[in-house]
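Here's the structure, in C-alpha cells; my notes come after.
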Amino acid sequence: MNVTVKLFASFRAGRFDIETAYYPVGTTVSDVADRLNLPQSELGIMMINNRHVKLDRTLADGDILALFPLLGGG
Amino acid sequence: MDSLPIFLRDHAESQLLPWSRQVEAADHFGVALAQVEEIALERGILPARYQRNRQAIPVSDQLTMFRSSVAVIGCGGLGGYVVEELARLGVGRIVVIDPDVFEEHNLNRQLFSTPANLGYAKVEVAARRVREINPAVTLVPIQEAFSPANGTELLKGCQIVVDALDTIQVRLELAEVCSAMNIPLVHGAIAGWFGHVATQFPGDGTIQAIYGSWKEGKGVEQTLGNPSFTPAVVASLEVAEVCKLLIGQGTPLRGRQLVIDLFSMEMQVINIGEGHRETA
C-alpha cells in the first residue's frame, strides 16, 4: 500500500518534507518512525489524515501521516 | 484626592496624559503612579505612553488591561520577552514565577540577561526592568519553582496564565492546575528554529493533547538548542493571545495549534480540539 509521510521541523533534516512510499499492509506509525530512523522519544504530535493518532495505529492505503517533533524548550 | 481628577483633566492634552504630569500628580497628591493611571483611564484619559496602542486597544480596554493580573510561568527565553511586552502593553499586575538565576548560557537569547546580571535571580532582574520601562505596572517576583503544591496559591487572582516553562512535565502540571482553577492558559514551546503556540481554555485538555506521546525527559531542544530569534517570535505570539483574551476581541488559538518553522519559513495551524482523541 502507498502512504504519504509529511515531516515537520527538525525531522526534515537529512530526510524529506513529504514522500509517498510503499509500505507493507499492517504497518504502524511506530514502524514508519523506525524506518525513517526517528527516535520515539522525539515524537510529538502524530496525525493521520489530520486526526491525532498514537504510535500503535495501523496505516491504511492512501493515508497521509504527519509527524512533528516534541518541542519542550522555553 | 478629590482634586486629582481635576488635575488630570486640566493637564491632559487631547485626552493624553504626559508621563511628566503622571509623575507630578503622584508626587503632588502622594499616591502611587498606578493609582494615577487608573483614575486617568477611568475618566477616558490615556497615559500618553500608550498612545500607539490606540485603535488596537481603545481607552476602555486599556483600563481593563490595567486592572488585569497575568501570571508568567518561567522567566527565561520566552518569559523575558513575555514580561517585557505585557509591561509595555500596560497589564497592571504581572506575576512572574521562576526559581533560577541568570547563567552565562542564557546570554544568547534571554532578554533580561546581561553579563552584569549573571548570578542574580531572574524574577528580581525582571522586576527591576519593569520598574524601568513602566513604573505604573506592578511585577510580583516569585523565586520558586511552580508545582501542583504551590500552584493554586500562586495563581490566585490571575485572569490568564502564560506558559514560558522549559520542561514538559511541569507544563502538564500547570495545565491541570489552570483547568481546575478555571483560568485560560496560553502555551508556547520552542526548540531550535521551531516552536508552537496554543491557548487552552479550562477543560479543553489542549496541553495533554500536544504532549500525549511524551513519556519522560526533554524535547528536541536538548540537541537543537535555542537561538535568539525563536523565543522572541513565540513569546510575541503568546502575548498577542493574552491581549485578545483580556479585552475579549479577536479569535484566539482555541482548539488549534500554531506550528512555527523559521527554517522553512512556514507557519501552519493544526486542529487540536475534537481531533485529539484518537479515532478507532
How long is the protein assembly as shown along each principal axis, judged by its Cα atoms, biggest number first, in Å?
82, 40, 37
Karplus (6.51, -1.76, 1.60) ³J(HN,Hα), θ = phi - 60°, over region B:7-15, in Hz, Gly and Pro reported as x
4, 5, 4, 5, 9, 6, 10, 6, 6
Pairs A:Lys6/A:Lys54; A:Lys6/B:Lys244; A:Lys54/B:Lys244; A:Lys54/B:Lys215: which are spaced more than 23 Å apart, C-alpha to C-alpha?
A:Lys6/B:Lys244; A:Lys54/B:Lys244
Each residue of A:51-60 has, on average, a number of other protein chain C-beta atoms within 10 Å of its C-beta equal to 3
Among B:Arg52, B:Arg129, B:Arg88, determine the one that fluctuates most according to a GNM of chain B built with springs between C-alpha atoms less than 10 Å apart.
B:Arg52
Just how far, in whole angstrom, is region A:1-25 from region B:1-80 if you go by their alpha carbon centroids?
53 Å
Amide H to amide H, which residues 5 or more places from B:Leu139 or on other chains are under 5 Å from it, using H placed in the peptide plane?
B:Ile94
Arrange the peptides A:3-10, B:183-190, A:15-22 so that the one whose residues have, on average, the most other Cβ atoms within 10 Å appears first.
B:183-190, A:3-10, A:15-22
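So for region B:162-280, averaging the separation of alpha carbon pairs under 8 Å that are six or more residues apart and normalising by length, what relative contact order in percent results?
28 percent
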For region B:1-155, inverting the pair-averaged 1/r of distinct alpha-carbon atoms gives a Kirkwood value in Å of 16.5 Å
Region B:190-280: translational diffusion in µm²/s, Stokes-Einstein, Kirkwood Rh over Cα pairs, 37 °C, 0.692 mPa s
229 µm²/s
Once you charge only the Cβ atoms, +1 for Lys and Arg and -1 for Asp and Glu, what is the size of the charge dipole of chain B about its Cα centre, to the nearest 20 debye?
460 debye
Translational diffusion coefficient, Stokes-Einstein: compute it for region B:22-74 using the Kirkwood radius over C-alpha pairs as Rh, at 25 °C and 0.890 mPa s, and state it as an integer in µm² s⁻¹.
205 µm²/s
Farthest toward positive dipole pole in region B:47-140 [+1 Lys/Arg, -1 Asp/Glu at C-beta], among B:Ala71, B:Val59, B:Gly119:
B:Val59
Sort B:Thr152, B:Thr138, B:Thr251 by Cβ crowding within 10 Å, fewest neighbours at the top.
B:Thr251, B:Thr152, B:Thr138
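Taking each residue in B:207-219, count the Cβ atoms of any other chain within 10 Å of its Cβ, then average. What number comes out? Please report the intermediate quantities before stating the final value.
Numbers: counts 0, 0, 2, 6, 5, 6, 14, 5, 3, 1, 4, 5, 9.
Neighbouring Cβ atoms belonging to other protein chains average 5 per residue here.
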Sequence-distant residues sharing a close amide H with B:Arg256 (under 5 Å, placed H)
B:Thr199, B:Ile272, B:Gly273
Sorted by chain and then number, the residues having a modelled amide H within less than 5 Å of the amide H of B:Gly212, at least 5 places away or on another chain, are none
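No lab work stands behind these numbers, since they all come straight from the coordinates. All values derive from a computational prediction rather than experimental measurement. Using ideal geometry, Cβ is built from the backbone for each residue, glycine included, and neighbour counts are taken over all protein chains shown.
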